[in-house]
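First comes the structure, then the notes that go with it.
The values are calculated or read from the model by the stated rules, or taken from the named source; none is laboratory data. Not measured: the values here are computed from a predicted model. Here the Cβ is made from the backbone with ideal geometry for all residues, glycine too, and neighbour counts use every protein chain on show.
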Amino acid sequence: MTDALTIVHRPEIGRFETHVEGLQCEADYRLDGNIMRMTHTGVPHALEGRGIAAALVKAALTWAREQGHQVDPICSYVAVYLRRHPEWADLRVD
């Protein structure tokens, strides 16, 4: 499922988003200097369990790394994702 996702970065509103079955899914952030504060990840209940949130967070973390940003996982989903994926640990703000 997640291989076919088209994730769009909308920096003007601080969001990575995709649409699945006509429904919007998003990972929101705000930049505070060099810190990317990930504030919200949302996937409609009808789409949960398909790896969509993980794909959005991975896209956001990839962008953060490319830009040289650190990540503050305000969103509980992002915090759990970072714990489960130690390959991103270097991005986390202490």
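Considering each of ALA53, ALA89, ALA59, ALA64 in turn, give the residue that is surrounded by fewer than 13 Cβ atoms within 10 Å (Cβ to Cβ) and not polar (S, T, N, Q). Spell out how you get there, then give the answer.
Numbers: ALA53 fails: surrounded by fewer than 13 Cβ atoms within 10 Å (Cβ to Cβ); ALA59 fails: surrounded by fewer than 13 Cβ atoms within 10 Å (Cβ to Cβ); ALA64 fails: surrounded by fewer than 13 Cβ atoms within 10 Å (Cβ to Cβ).
After ruling out the rest, the residue left standing is ALA89.
Across the stretch 15-42, which residue is nearest to the chain's Cα centre (by Cα) among those that are under 21 Å from ASP72 (Cβ atoms) and assigned to a loop (DSSP other than H, G, I, E, B)?
So, considering only residues that are under 21 Å from ASP72 (Cβ atoms) and assigned to a loop (DSSP other than H, G, I, E, B), the one nearest to the chain's Cα centre (by Cα) is ASN34.
Pick out the one residue from ALA55, ALA27 that is touching a Leu at 6+ places or on another chain (Cβ under 7 Å) and within 17 Å of GLU87 (Cβ to Cβ).
ALA55
Answer yes or no as to whether ALA64 is modelled with pLDDT of 95 or more, of a type in the set (A, V, I, L, M, F, W, C) and assigned to a helix (DSSP H, G or I).
yes
Looking at ASP94 and the list (1) in a helix (DSSP H, G or I); (2) surrounded by fewer than 18 Cβ atoms within 10 Å (Cβ to Cβ); (3) among the charged types (D, E, K, R), which single condition is not satisfied?
In the conditions (1) in a helix (DSSP H, G or I); (2) surrounded by fewer than 18 Cβ atoms within 10 Å (Cβ to Cβ); (3) among the charged types (D, E, K, R), ASP94 misses (1) alone.
Run down GLU66, GLU48 and say which single residue is of a type in the set (Asp, Glu) and more than 17 Å from LEU5 (Cα to Cα).
GLU66
Over 26 Å from HIS69 (Cβ atoms), of a type outside the set (Asp, Glu) and crowded, with 16+ Cβ neighbours inside 10 Å, is that true of VAL43?
No: the conditions fail for VAL43.
In the stretch 67-87, which residues are among the polar types (S, T, N, Q) and either over 14 Å from the mean Cα position of the chain (by Cα) or part of a strand (DSSP E or B) (or both)? Give the derivation first.
At the first step, the residues of the stretch 67-87 found to be among the polar types (S, T, N, Q) are 67, 70, 76.
Selection gives GLN67, GLN70.
Return a yes/no flag: does the stretch 3-14 have any residue that is out of contact with any Gly (no Cβ under 6 Å at 6 or more places or on another chain) and assigned to a helix (DSSP H, G or I).
Yes, the stretch 3-14 has at least one match.
Here is a yes/no grid of residues against (1) out of contact with any Lys or Arg (no Cβ under 7 Å at 6 or more places or on another chain); (2) in contact (Cβ under 8 Å) with a residue 24 or more places away in the chain:
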position	(1), (2)
GLN24	yes, no
ASN34	yes, yes
THR39	no, yes
GLY51	yes, yes
VAL57	yes, yes
ARG65	yes, yes
GLY68	yes, yes
ASP72	no, yes
TRP88	yes, yes
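Here's a check for you: in the stretch 67-86, which residue that is β-branched (Val, Ile, Thr) and closer than 14 Å to ARG37 by Cα is surrounded by the fewest Cβ atoms within 10 Å (Cβ to Cβ)?
ILE74
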